[in-house]
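Step one of this worksheet: look at the structure below.
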Amino acid sequence: MEILNNEMAKKEKFIGLLTGSQKILTDYGDTSKAALLEQQKKDFANFRYRIAIIGALNRGKTTLLNTMLGIKDDSISPIDSNVCTAAVIRYIDKSFNNNKECLRVSFNDGRKPEEFTFEKADRFQRYLSHVDRNTEAEKVTQIEVFGDFPLVGDRAVFIDTPGMGSKWDNDNALSDFGRKVADAVLFLTASNMPFDQDEKDLLESLAPEIRKKLIFVLTKSDRIDEAAIIKTKEFIKKNLVEIGIDDPGIIYPVGAGVVLELITNGNNKKTMGILQKNPYKIKNEIIETLNGKSDEEAVSILKEKFGIADLEQAIYDTIHREDLFLDTMKRKSGDMWEYFKSAKTEFDRTHNEYKEKTLPELEQKVKSLNEAKLAFESDYAQIKKRFCSKWDAEVSYLPGRLDTAKNEIKQGLDNFLTITNPLLYKKELNAITEKLNRCIKESLDRNIADIEANLTETVSQLESEIAVAIGKLFDIKVDIDFTLKLKDIWLSSFSMLGAGVAIGGTSMGFIAAAIIAFVQAKLAALGAGSIIVAVTTWLGIGTGEALLTASAVLATTLAVGIPALVLGIGAVVFSTDFMKKQFNERLLKTVKEKLDKIFSEMRTDIPSTLKEIRTDYISKIDAALQEEIKRQKIVLDDVIAEKNGETGRFEALNKKIRDYEDIINKWSDFCGELQV
């Protein structure tokens, strides 16, 4: 007590550091650890050594506690194997509650704590344990049992936790809570199932600072003989070494169940009958030793026999050490120092990752997207310039090629535009029309083929270059979707050459087909089905009566002075030869004139239309590309937002690290003070 009194100043400073640490944890959202520190502050304000009991389900935790604390009432702390603890239970001497014995239940739903006297303990069973999960048990944060507990007195508090491996997640969390706040941890394993895999996994998961607190207890040892106890302890030590616990210290074998029977029922015949059923250690001589003994004497004998006394003495010696408070404060201060250092190490790692990877990568991504946009705009300007230049150059060759085609067609007309048989006029006219159409098509195809191929290649090159440029904009090799969109845009623009033209994408023949369609459209506008029929119409000669009309005109002119019959016959013969020649010459001349007119219009209209197509095509591409740039800007904005968010988190992390450095230094200085 003298040391405790001399260390009041250090105690106040220690609690002040806990308060500062609690604020840091709360400020940074770690409320669960802040709550643990709040409990530690309360414990150190009224200093008590905290001893937690942990273990898997049905390892006898509550039985051992009831035995050591002398709890007789099963309703306060049930030990039925089918009923398992559902909350953290703190066993505290009644001296901390104005010497009043009671049970106090605290809740997580905002309710005020409820208190029950021991006489009415059965009323709080729904909070204390469960056979199956119930709603009330889930709302309990902890239960405090204030009683007459001489073992701990005003020096310690026992913490009973739910069994590990429970099917309820909250039970496992509460068990974890218990061992974290404890100064010492009794780890229970049972003699009938010692150190199973679940227990091994749990011990392997414990942090080094918790392993240092462990005291190993072998429960239910009253059920096996001495040889089996020795063998089981060796088995436990071997397994502990395998998981890195080389020096577990003393393993305490205890048989709490037998002793608790005596505590609960007293030293009487009923108890003796129960003890006689024990198959191993309760021999007749032990029972005989209990004859005539008081309850207290009998309990003391059995505690000595079944290891309880040794465990109680070890606990008593620990919590009644004169320097316990200072030693505990040193250890807790060291724990806090180590905790914040460990946490800061993780923060430093994250900080370095932010600094060296996350933020530079996002910065580079923003830079790359901006550069990609500028590069794309520059590349596209050059691509468009090259396309327009090549397109216009090819189109500029078109008038000359049309003139060549026209001259070839005229030359062909000299060879085949002749009516040889008046009686077969209509049939020959159809044949000539077919020849002329074929001549026009062949000549146009021949003279425009290379221009057409070059324009097709120009369009394909534009599509390819833009697809690559768009790919760079989005950091991919080629944007296939946009390539397909370009083809749709091209077909849409090319339809300006005229409806009804069959366009197979950008395949060869589309310009010639369009020009032929242009010629046909011009002829159709004149109300004729073909160029020859149109010309004969322009000459004023109907296809069904051309020869008769011509002969009649000529016969009238030459009929003077000749007998009617002779003249009539002669006129027919003469007029046939004469009119045939005149007709052919006039037909040839008129057809050529009309071809001149049509090709003259084409020399102007077709190049003009092709330039309009180019303008429309580029305009539609410009609009489509603006949509792609907008889409890229959305990506850029998202990256910028992500970068800004990460930058904010980085700055917050910097502040957190500074705050942690500050509290680490304070704990370090305090640990140094405690060593003096």
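The values are calculated or read from the model by the stated rules, or taken from the named source; none is laboratory data. Being a predicted model, the structure only gives us computed values, none of them experimental. Cβ sites come from the backbone with ideal geometry, for glycine too, and all protein chains shown count toward neighbours. What goes into the accessible areas is simple: the full protein's heavy atoms, side chains included, and nothing from ligands, DNA or RNA. Shrake-Rupley method; radii C 1.70, N 1.55, O 1.52, S 1.80 Å.
Measuring max minus min along each principal axis, the C-alpha atoms of the range 624-671 give extents of 69, 9, 6 Å (largest first).
Rounded to whole numbers, the Karplus 3J(HN,Hα) couplings from phi for the range 454-463 are 5, 5, 4, 5, 4, 5, 4, 5, 4, 4 Hz, using 6.51 cos²θ - 1.76 cosθ + 1.60 with θ = phi - 60°, and x at Gly and Pro.
Cross-link reach is defined here as a Cα-Cα straight distance under 15 Å, omitting same-chain residues fewer than 8 places apart; for Lys72 the aspartates and glutamates meeting it are Asp80, Glu101, Glu119, Asp122, Asp148, Glu261, Asp295, Glu296. What aspartates and glutamates sit close enough to Lys238 to cross-link, taking a C-alpha to C-alpha distance under 12 Å and skipping anything fewer than 8 places away on the same chain? Partners found: Asp246, Asp247. Taking only alpha carbon atoms, the range 180-229 gives an Rg to Rh ratio of 1.03, where Rh is the Kirkwood radius. Taking 0.36 nm per residue of separation and subtracting the Cα-Cα distance, full extension of the segment from Asp148 to Ser608 would add 154.7 nm. Normalised by residue number, the volume inside the convex hull of the Cα atoms of the range 429-492 is 88 Å³ per residue. For a straight C-alpha distance cut-off of 18 angstrom, the lysines reachable from Lys633 (same-chain residues fewer than eight places away being disregarded) are Lys365, Lys367, Lys373, Lys472, Lys643. Would you work out what percent of the accessible area of the range 300-426, with all protein chains in place, is carbon or sulfur (probe 1.4 Å)? It is 50 percent, rounded to a whole number. Label reach from Asn192 (point 7 Å along Cα→C-beta): in the range 257-271, amide nitrogens under 18 Å belong to 257-262. Over the C-alpha atoms of the range 303-423, the Rg to Rh ratio, Rh being the Kirkwood estimate, stands at 1.86.
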